[in-house]
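The values are calculated or read from the model by the stated rules, or taken from the named source; none is laboratory data. Keep in mind that what you see is a predicted model, and the values were worked out from it rather than measured. Here Cβ is always computed from backbone atoms with ideal geometry, including for glycine, and neighbour counts include all displayed protein chains.
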Amino acid sequence: MTETPIRLPDPEVCRFSSMEANVLRHLGEGAGIDTMARELGLAAPLVQEYVRSVLRKVHGRADQQRP
């Protein structure tokens, strides 16, 4: 299987909190919720909330860029 690079959103366009940025980095590395929770010292449901928040921001920005 070939790897497809993940292009992270421009921080000037899509602003993330420091924890959202950490979660996004872990997602980009292919980490799962449980792995992120353990490495970040957070409960899995909280990590899921951060993932949802990141996705809302990314999808919201993508919608704004459509003609």
### Message
Report every pair of residues separated by at least 6 positions or lying on different chains whose Cβ atoms are under 7 Å apart, first residue within segment 1-28 and under 12 Å from S53 (Cα atoms), second at pLDDT 60 or above and among the β-branched types (V, I, T).
### Response
C14/V58; F16/V54; E20/V54; V23/V47; V23/V51; V23/V54; L24/V54
### Summary
Log entry, pairs with first residue in segment 40-66 being over 15 Å from S17 (Cβ atoms), second being at pLDDT 95 or above and assigned to a helix (DSSP H, G or I), beta carbons closer than 8 Å, six or more apart or on different chains, reads A43/A37; A44/I33; A44/D34; A44/A37; Q48/I33
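Each row is one residue, and each column tells you yes or no for (1) surrounded by 10 or more Cβ atoms within 10 Å (Cβ to Cβ); (2) small (G, A, S); (3) touching a helix residue (DSSP H, G or I) at 6+ places or on another chain (Cβ under 9 Å); (4) modelled with pLDDT of 95 or more.
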| site | (1), (2), (3), (4) |
| --- | --- |
| I6 | yes, no, yes, no |
| R15 | yes, no, yes, no |
| E20 | yes, no, yes, no |
| V23 | yes, no, yes, no |
| G41 | no, yes, no, yes |
| Q65 | no, no, no, no |
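Using the structure shown, decide if A31 is in a loop (DSSP other than H, G, I, E, B), modelled with pLDDT of 95 or more and not β-branched (V, I, T). Even if it seems obvious, please write down each step before you answer.
Values: in a loop (DSSP other than H, G, I, E, B): yes; modelled with pLDDT of 95 or more: yes; not β-branched (V, I, T): yes.
Taking the combined requirement at face value, the residue satisfies it.
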